[in-house]
Every structure is written in C-alpha cells, then in structure tokens.
Amino acid sequence: MIKPLADRVLIQPKEAETKTAAGIYIPDTAKEKPQEGEVLAVGPGKKDEPMEVKKGDTVLYGKYAGTEVTVDDKKYLIVRQSDILAIL
C-alpha cells in the first residue's frame with residue numbers, strides 16, 4: 001500500500017460518468033477528469049499544519065491537482081492537503 005509523506009493525501013478518484021442524466025452515453029474522449037474521490041491514506045502532516053482530512057472522507061480537489069499513480073492497474077492520485085477544496 002502507498003503511504004503518503006508530510007501533508008500529502010492518497011485519493012482514489014471517482015469514476016467518470018459514462019452516461020448523462022438524459023441517457024446519452026459519453027465516449028471516452030469526451031469524459032471530463034473527475035474532481036471527486038475517497039481518501040485512502042493520509043500523511044502525518046507538518047509541524048505547523050495539522051491534517052484536517054482523514055481516511056474515508058470524500059473530497060473535492062482541483063482539476064489539475066496532484067500526481068496520478070497507477071498500482072496494480074488501479075489509478076490513484078497523490079495531492080497536498082492544500083489542493084483539496086472541500087470535504088463532502
């Protein structure tokens with residue numbers, strides 16, 4: 001398992017929508033990058049900045065935030081706590 005360091009957070013992004021509310025299927029080339037995900041692991045934080053998110057939280061993060069990592073054919077995202085916009 002991946003263990004984030006300092007103020008970083010490991011997120012499993014939510015799957016992109018494959019169908020609109022009206023029932024139209026969205027092709028892979030037109031799907032938007034998800035901005036929502038579940039926190040899987042949290043680093044220990046910094047001395048002057050305690051961690052506010054915890055494992056299991058559903059969060060909203062910036063569209064181009066973090067670094068994508070693939071482990072065992074699963075995609076994860078490692079972001080700094082400051083890149084997280086909100087806890088849902």
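No value in this document is a laboratory result; all are computed from the given coordinates. In this text the structure is predicted, and so the values were computed from the model without any measurement.
What to note about this one:
- Note on the chain: Rg/Rh from C-alpha atoms, Kirkwood Rh, equals 1.03.
- P(r) weight above 12 Å for the range 45-88, C-alpha pairs, percent: 66
- Scattering profile of the range 17-63 at q = 0.20 Å⁻¹ [log10 I(q)/I(0), Debye over alpha-carbon scatterers]: -0.78
- Multiplying the residue separation of Leu40 and Ala6 by 0.36 nm and subtracting their alpha-carbon distance yields 10.7 nm.
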